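The values are calculated or read from the model by the stated rules, or taken from the named source; none is laboratory data. Just so it is clear, the structure is predicted and the values come from calculations on it, not from any experiment. Counting neighbours? That spans all protein chains shown, and the Cβs are built from the backbone with ideal geometry, glycine included.
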Amino acid sequence: MTLLYSEVEEELRSAVRDLLADRCPPAAVLAAVVTGPGMGAAVPAGSVTGAAAAPGPGPALADGAGTGAVIADGAAGSGTVGGLWPALARDIGAAGLLVPEQLGGAGATAREAAVVLEELGRAVAPVPFLTSSVLATRALLGAGTDAARELLAALAAGETVAALAVPFGTSPYAPEAAWAGRVTVAGGRLHGRVPAVAGAATAEVLLVPAGGALYAVQAADAEVEPAVSLDLTRPVAAVVLSGAPGRSVGPNLRPVRAALELGAGLLASEQLGLAEWCLATTVAYVKERRQFARPVGSFQALKHRLADLWLAVAQARAAARNAADALARAAMPETDPPPAAPAEPVSAGVTPAEPPDAVPPGAVPVTVVPVGTASAGGASVQAARAGAGAGAEVAIAVAVAQAWCGEVAVTVAEECLQLHGGIGMTWEHPLHLYLKRAKADQIALGTPGDHRAALARLADVPGPPAG
Amino acid sequence: MAVVEGAGRTVDEAAVRARARDFLAAHDEAAGPPLDFLRARFDAGLAWVHFPEGLGGLGAPRELQAAVDEEFAGTPQTDTGRLAIGLGMAAPTILAFGTPAQRQRFLRPLWTGEEVWCQLFSEPGAGSDLATLATRAVRDGDEWGVDGQKVWTSGAHFARWGILVARTDPDVPKHRGLTYFVCDMRAPGVEVRPLRQITGEAEFNEVFLTGVRLPDDLRIGEVGDGWRVAQATLMSERVAIGGTPIRRGGGMLGAVLAAWRERPELRTHDLHQRLLRLWVEAEVTRLAGVRLRQQLAAGAPGPEGSGMKIAFARLNQELSGLDVELRRDEGLAYDDWTFRRSESVDFFGRGPGYRYLRAKGNSIEGGTSEVLRNIIAERVLGLPAEPRADKDVPWKDLPR
């Protein structure tokens with residue numbers, strides 16, 4: 001285990017950081033959000049298929065003409081601030097980072113994806129990396145179908161953008177709530193409504209859990225209703241399906257569970273990047289800002305608060321790295337060795353399907369190790385046990401990272417605002433984008449309380465006896 | 001923690017292991033007194049391998065010590081708790097600033113435990129602001145006459161030597177008028193009184209120095225250079241306090257978890273939520289420590305070390321406080337208030353009440369958490385210092 005950054009990871013970081021510095025400075029992000037939903041200005045026509053601009057609370061306060069809606073510019077369909085996403089997705093290859101090489105991706109691990117997320121968090125970049133290249137991509141990995149492989153190849157190439165149609169607040173420990181009873185499927189057509197889906201507004205393909213399986217729906221066939229969102233740089237939208245045709249891409253929802261766990265673990269790195277920006281920006285500000293004829297950063301009352309934040313961020317860095325490392329060491333299904341004694345030949349194709357969805361609610365999420373060959377004798381039973389142990393280690397690392405980083409990002413953003421004084425309350429200063437993202441991230445993929453509740457079970461810290 | 005990476009160092013490890021085995025083959029530890037064995041081990045360069053040859057070491061990388069310690073498992077050992085000040089603070093300082101004669105005189109009996117060391121730094125009027133200390137040393141020919149009072153001196157009642165910082169020039173600003181000495185704890189005029197602390201026992205002492213005569217060859221470093229020498233000592237202390245690896249769920253957390261698991265009837269929802277938060281905090285602190293040691297092993301020490309002591313102090317205090325609360329009626333009891341001397345901190349041989357009270361010292365000893373926050377703010381984050389009233393003022397003119 002290493003919690004440091006490798007040279008390759010640092011090179012990737014530099015490439016992403018250079019691109020973001022060039023295409024995604026805070027002022028550009030701020031300019032880009034002013035015509036989003038709820039801003040009192042209509043979303044440009046054609047930006048989101050089937051979308052209706054949500055009613056907003058007031059008039060537009062800034063001149064946002066020509067900057068485009070936050071996550072959608074009509075030309076690219078998946079564009080963002082000044083063509084940022086195509087450059088990130090294709091030129092740097094971020095879209096295919098987690099996709100195996102045989103499908104045109106980079107075959108990288110969660111460690112590299114985590115470094116990308118640190119930089120995207122630091123820039124509060126409005127791009128669908130987490131929603132498409134992590135969550136949707138992981139939901140397709142291990143699905144075991146040709147349809148999934150086709151879609152993965154298109155995602156890796158940066159040709160399309162997908163979103164996993166579950167509420168962004170879905171807890172990885174109780175994912176059933178995300179799909180139970182929401183969407184029904186009959187004759188290949190889907191009906192239902194999924195609220196608060198992140199990345200839906202820019203997705204061309206929606207991955208919809210329905211009837212215990214995963215379906216791909218063209219966004220053009222669905223209604224995507226952008227919500228006036230707390231997080232301006234990653235707004236959510238409701239997905240409404242009224243008989244939209246769905247193509248089955250996965251026979252079970254096991255990969256979706258894995259996606260939620262991977263997403264939660266990697267979100268910690270985005271939160272780390274957010275917190276690092278807030279801390280660095282605040283430190284720079286209190287060195288400059290003078291009151292009482294001295295820099296306010298020379299007052300011990302402020303220095304001690306900043307020292308405490310620095311410590312919390314140092315702990316967050318270790319926790320986020322640990323989660324990424326644990327997720328990276330747990331092999332993705334595409335690269336898993338075949339089960340020790342397969343009960344039946346693996347069907348043609350490079351992607352063995354993950355075994356049926358049989359994990360009871362609240363069980364240790366054994367997400368990345370095949371355990372479905374219980375009938376195959378002692379060796380595979382041992383492998384399954386070992387897998388359960390490794391799965392628990394991954395689950396602990398993810399829960400710790402999310403329980404800590406989710407809180408730290410919010411705390412650092414809140415302190416950043418307070419220590420900026422009045423300027424921190426203004427729309428023109430970009431820090432509110434970070435606060436809003438941090439607060440939304442705290443809810444995303446399980447609240448810190450959800451992750452602590454999971455740790456009670458995973459780390460044997462049981463609650464009071466019932467009754 | 002054995003940190004040996006790369007082919008080059010593996011050879012070194014094999015070499016030190018071979019040397020240790022040769023030594024063990026040639027020395028039967030059961031044949032004579034343990035002290036003879038320890039002296040021979042020192043003379044063979046197997047005491048602390050990163051020290052120079054002739055001074056108990058081999059000039060090898062510090063990481064190789066773990067391999068040597070493994071080889072010497074089961075042989076006579078020194079009491080590292082009793083020798084902590086000597087091993088952790090006096091020895092590195094003497095090595096860095098002592099004369100060849102001082103190194104030869106002090107290091108061997110320091111390591112073998114023949115001579116125990118204590119630290120004479122803090123004073124009633126000089127805690128966080130150590131540089132303002134008032135113990136005076138006045139030169140008189142080849143000797144120094146020392147007068148003053150020191151406090152928080154653990155082990156002074158059995159120590160042979162003390163590392164002492166005293167003021168030799170009151171006419172210059174406070175940091176510049178200090179000199180570092182070795183104090184002979186058997187010299188006339190050295191009086192040691194136990195200092196009873198809130199746990200009931202006396203780990204520490206007050207030390208009164210009245211007309212103590214110290215020969216000049218007990219001075220470490222130049223006259224007036226004592227602050228720089230003391231900084232090296234204090235840096236070693238903080239590394240020692242913050243750098244110990246623990247396992248997940250171990251340390252102070254382990255003590256609480258044991259009670260929590262054994263006593264379901266004591267659990268409440270409120271305590272459960274607080275314990276889970278502390279479990280997470282302990283784990284991220286442990287991981288930050290792992291990361292810090294990985295940085296050290298990679299030759300790039302990070303600034304995280306400054307924060308580790310703050311984090312451990314907080315955790316120890318919160319966890320031990322929760323432990324007492326958890327036990328309800330039993331938490332109203334205390335195991336033993338007897339005023340007795342203790343030589344080391346016995347967190348786990350005592351009850352939760354003792355742990356709670358003793359942990360209060362964790363955020364004070366070895367640099368208060370407030371001073372450490374200043375260090376982080378100024379040296380890591382680069383924030384400006386508070387305006388200083390004492391920087392360019394002669395020590396004797398400072399308000400007291």
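Laid out as a table, the results:
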{"item": "Residue under evaluation residue B:354, criteria (1) modelled with pLDDT of 95 or more; (2) within 25 Å of residue B:158 (Cβ to Cβ); (3) in a loop (DSSP other than H, G, I, E, B), criterion not met", "result": "(3)"}
{"item": "Whichever residue in the range B:33-44 is touching a helix residue (DSSP H, G or I) at 6+ places or on another chain (Cβ under 8 Å) and within 26 Å of residue B:343 (Cα to Cα) and, among such residues, is surrounded by the fewest Cβ atoms within 10 Å (Cβ to Cβ)", "result": "B:35"}
{"item": "Identity of the residue in the range A:257-295, in contact (Cβ under 8 Å) with a residue 24 or more places away in the chain, in contact with a strand residue (DSSP E or B) (Cβ under 9 Å, 6 or more places away or on another chain) and part of a helix (DSSP H, G or I), that ends up farthest from residue A:437 (Cα to Cα)", "result": "A:286"}
{"item": "Matching residues in the range A:444-467 - criterion: being free of Cβ contacts under 8 Å to residues at least 24 places away in the same chain and of a type in the set (Val, Ile, Thr)", "result": "A:461"}
{"item": "Among residues of the range B:104-120, those that are in contact with a helix residue (DSSP H, G or I) (Cβ under 7 Å, 6 or more places away or on another chain) and in a helix (DSSP H, G or I), counted", "result": "6"}
{"item": "Options B:193, B:238; residue that is surrounded by 17 or more Cβ atoms within 10 Å (Cβ to Cβ) and either at pLDDT below 95 or in a strand (DSSP E or B) (or both)", "result": "B:238"}
{"item": "Unmet criterion (only one of (1) among the basic types (Lys, Arg); (2) surrounded by fewer than 15 Cβ atoms within 10 Å (Cβ to Cβ); (3) part of a loop (DSSP other than H, G, I, E, B)) for residue B:396", "result": "(3)"}
{"item": "Scope the range B:306-324; condition more than 8 Å from chain A (Cβ to nearest Cβ), under 20 Å from the mean Cα position of the chain (by Cα), buried (at least 22 other Cβ atoms within 10 Å of the Cβ) and not polar (S, T, N, Q); matching residues", "result": "B:308, B:309, B:312, B:313"}
{"item": "Residue in the range B:267-288 that is crowded, with 17+ Cβ neighbours inside 10 Å and either in contact with a His (Cβ under 7 Å, 6 or more places away or on another chain) or small (Gly, Ala, Ser) (or both) present", "result": "yes"}
{"item": "The lone exception for residue B:335 - which of (1) at pLDDT 95 or above; (2) over 24 Å from the mean Cα position of the chain (by Cα); (3) farther than 30 Å from residue A:303 by Cβ it fails", "result": "(1)"}
{"item": "Every pair of residues 6+ apart whose Cβ atoms lie under 6 Å, when the first sits in the range A:392-416 and is surrounded by fewer than 24 Cβ atoms within 10 Å (Cβ to Cβ) while the second is outside any helix (DSSP H, G or I)", "result": "A:392/A:364"}
{"item": "Meets criteria (basic (Lys, Arg) and assigned to a loop (DSSP other than H, G, I, E, B)) for residue B:248", "result": "yes"}
{"item": "Residues satisfying the stated conditions in the range B:357-383, i.e. part of a loop (DSSP other than H, G, I, E, B) and either within 14 Å of chain A (Cβ to nearest Cβ) or under 27 Å from residue A:277 (Cβ atoms) (or both)", "result": "B:367, B:368, B:381, B:382, B:383"}
{"item": "Residue list for the range B:148-184, restricted to those being over 25 Å from the mean Cα position of the chain (by Cα) and of a type in the set (Asp, Glu)", "result": "B:169, B:171"}
{"item": "Qualifying positions in the range B:120-142 - buried (at least 17 other Cβ atoms within 10 Å of the Cβ), in contact (Cβ under 8 Å) with a residue 60 or more places away in the chain and among the polar types (S, T, N, Q)", "result": "B:132, B:135"}
{"item": "One residue from A:154, A:113, A:148, A:108 being farther than 30 Å from residue A:280 by Cα and either of a type in the set (Lys, Arg) or in contact with a helix residue (DSSP H, G or I) (Cβ under 9 Å, 6 or more places away or on another chain) (or both)", "result": "A:148"}
{"item": "Residue ID - nearest to residue A:451 (Cα to Cα), chosen from residues in the range B:284-305 that are part of a helix (DSSP H, G or I) and at the interface with chain A (Cβ under 7 Å from one of its Cβ atoms)", "result": "B:284"}
{"item": "Looking only at the range B:165-213, and only at residues there that are among the charged types (D, E, K, R) and free of Cβ contacts under 8 Å to residues at least 40 places away in the same chain, the one that is farthest from residue B:102 (Cα to Cα)", "result": "B:193"}
{"item": "Out of B:60, B:47, sole residue that is of a type outside the set (S, T, N, Q), buried (at least 20 other Cβ atoms within 10 Å of the Cβ) and either part of a helix (DSSP H, G or I) or touching a residue at least 60 places away in the same chain (Cβ under 8 Å) (or both)", "result": "B:47"}
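Per-residue answers, yes or no, for (1) of a type in the set (D, E, K, R); (2) within 7 Å of another protein chain (Cβ to nearest Cβ):
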position: A:277; (1), (2): no, no
position: A:281; (1), (2): no, no
position: A:285; (1), (2): no, no
position: A:289; (1), (2): yes, no
position: A:292; (1), (2): no, no
position: A:297; (1), (2): no, yes
position: A:300; (1), (2): no, yes
position: A:311; (1), (2): no, yes
position: A:314; (1), (2): no, yes
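This table checks each residue for (1) within 13 Å of chain B (Cβ to nearest Cβ); (2) outside any helix (DSSP H, G or I).
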site	(1), (2)
A:403	yes, no
A:406	yes, no
A:410	no, no
A:427	no, yes
A:441	no, no
A:445	no, yes
A:454	yes, no
A:461	yes, yes
